[in-house]
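The values are calculated or read from the model by the stated rules, or taken from the named source; none is laboratory data. All values reported here derive from a predicted model rather than from experimental measurement. Counting neighbours? That spans all protein chains shown, and the Cβs are built from the backbone with ideal geometry, glycine included. Each accessible area value is taken on the protein alone, full model and side chains, heavy atoms only, with ligands, DNA and RNA left out. Shrake-Rupley method; radii C 1.70, N 1.55, O 1.52, S 1.80 Å.
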Amino acid sequence: TKVYTDFDTSVGRDFDVSLVLGFKNVNSPALIMVVFCFILLALFGLIILHQVLTGEKHIELRLISTKGRPEVLTYPGKTWHLFLSHTWSSGQDQVALIKKQLLSMLPGVRVFLDVDDLEDLFQLEVYIDQSIVVLMFLSRGYFTSSNCLREIRHTIETKTPIILVHESSPLHGGEAIGMLSKQCPRDCRSLFFTQPVLGEDRQGEARTLLPWHRVSHFQVETMKHIAESLLLNTPAYSKERELRMYVRDDLSMVDLTFISEFVIYASVLNSGAAEAAAELCGGTTLLEVATDPGLLVPASSQASGSSKLDVFLLYLNCNTFLGEQGEALAEQVRHVQALKLVPLVCLHERAPDKGAVDFSEIICMTPADLIDDGLFTKIALPLEPGIHRALSIKLVARSFGATPVRIKTQETAKEKTRLPGLAPFISRHSFPGLAPFMGLGISSRSSKSRVNEDSLEVPVSDTSKHLSRIGISPQVPNATMPPQAME
């Protein structure tokens, strides 16, 4: 305003101020500034919203036995609960994440990480003496690092408990167990391998390793095992043999089922497919396995007019497309792809004792025409070994449309007994909207799709095509799930 007034005074009111300032009056620049401020506020709000929606969730561990947080105690003279031993070149980011997640899972835990807590490099041994447990993160170059070797040898001398974590991805600094066993000094091998390496052609067998993953479900499972191993060496739980713990929405603590019978086809030509299908059946109810080649016929020739199968299971390992049997399997896959009878799902075996090979090798073994026809358009579902096996089975079942089994609590049963005289009327006349207000607990589904009140209540899945076949809901076999997993 002062600028405009000064122009009017000095040059007269007949002078066009916009020729110098670009605006004829003070209202125009003020309006632009107000709009600009609102735009900045809107952008700031969107950034905050994005960080909230995409930020890492707080993960807190609970004991199954008490539903409470585990105690994190220490011994006299110990400063740290856990010492993180790693090589900077290939393990720095991973152990930083391990520390961050442990601080979230176990409030009160003290974790030594060199970039945060190291004051004197010559005092590495002292830091280990002040720690209850040492976690050794095995990645590329770990056994060739002089500082890591110092930590290893002092851990052996002091007989400090250890936790072994192995980087599983070569893209992120991972190294094969066989190569690590050859790089490990002979005087340290007893800590990592159950048998010595006698020659270049013989590899030591690794002790129990916790694989490090980037898939969130598997990563949380690894963190649970790290936390358990740590707590079992603390005063509060030193006499325990195991500590079963869970996190919120823990899939490993939930039983899965299908609304109706779900049938997967495991070809007899596909070596290992039947065993993998059996594992799926063991972890999920209402899942059936079919092996009859007669089911792989066009829908028009079936009496029912539609395929009786829900999924064609293709199990991928080192033997999938080898030899005459592999050629016959490839022809069967061509038949399924051409007629589009049923969805084809690939399972990638990752267990070394079950013929696991890298997916690049599987691609090399697969006939080119199958790849061109889109066999690997969808990512193959992994079957992980060891501590992640059961969880990977449940993830596969969930991708097929399996849902968690829900158990009704006593409170729910009491609520359903309210106003018993009105319950049949409301149910018969389909007034589900009144149920929440009258405590009837009546499902919005039709009476045909409801499970009997004395049985388990199964949530409807909208992720699988088999829902369209549901007529009458089957009785689900009793299954157990810790009530804390439902919190």
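Tabulated values for the structure
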read-out	value
Label-point separation in nm, N27 to S399, each point 7 Å along Cα→Cβ	6.3
Under the Karplus curve 6.51 cos²θ - 1.76 cosθ + 1.60, θ = phi - 60°, whole-Hz ³J(HN,Hα) for segment 83-90, x wherever Gly or Pro sits	10, 9, 9, 7, 9, 4, 5, 9
Rounded to the nearest 10 Å², the accessible area of S360 at probe 1.4 Å	60
Interchain or long-range residues, amide H under 5 Å from Y315's placed H	L347
Computed FRET value (nearest 0.05) for D249 with I363, which takes r as the C-beta separation and R₀ as 30 Å	0.30
Sequence of V109, V289 when ordered by accessible area, the most exposed leading, probe 1.4 angstrom	V289, V109
10 Å-binned pair-distance histogram of segment 208-301 (Cα, whole percent)	13, 26, 28, 19, 10, 3, 1
Where a label projected 7 Å from the Cα of R334 along Cα→Cβ would reach, residues of segment 353-368 with amide N under 12 Å	367-368
Among 219-232, 146-159, the order from most to least packed when residues are scored by Cβ within 10 Å on average	219-232, 146-159
Flagged links, alpha-carbon separation over 19 Å, of K67/K224; K100/K394; K308/K340; K78/K159; K340/K378; K340/K394	K100/K394; K340/K394
Whole-Hz ³J(HN,Hα) from phi, Karplus 6.51 cos²θ - 1.76 cosθ + 1.60, for segment 398-403, glycine and proline x	5, 5, 7, x, 5, 10
Net charge of neighbours whose Cβ lies under 15 Å from the Cβ of T74, counting Lys and Arg as +1 and Asp and Glu as -1	0
Sequence of F193, F376, F44 when ordered by accessible area, the most exposed leading, probe 1.4 angstrom	F44, F376, F193
Local net charge near E167, Cβ-Cβ under 11 Å (Lys/Arg +1, Asp/Glu -1)	0
Unit charges on C-beta of K, R, D, E only; dipole of segment 108-164, Debye	340
Surface accessible to a 1.4 Å probe, per residue, for the residues of segment 321-381, Å²	57
Stretch gain in nm, segment H172-A236, where the contour uses 0.36 nm per residue and the Cα spacing is subtracted	19.4 nm
For C364, solvent-accessible area (1.4 Å; no DNA, RNA or ligand), Å²	110
Accessible surface, per residue, of segment 58-112 when the full set of protein chains is kept, probe 1.4 Å, Å²	47
Positive-pole candidate from P382, S392, C346, dipole of segment 286-398, charges at beta carbon	S392
Net charge, S90 excluded, C-beta distance under 13 Å - Lys, Arg +1, Asp, Glu -1	-2
Accessible area of F359 in the full protein assembly, 1.4 Å probe (Å², nearest 10)	50
Accessible heavy-atom area order of L43, L251, highest first, probe of 1.4 Å	L43, L251
Amide H contacts under 5 Å for R110, placed H, 5+ residues apart	H81, L82
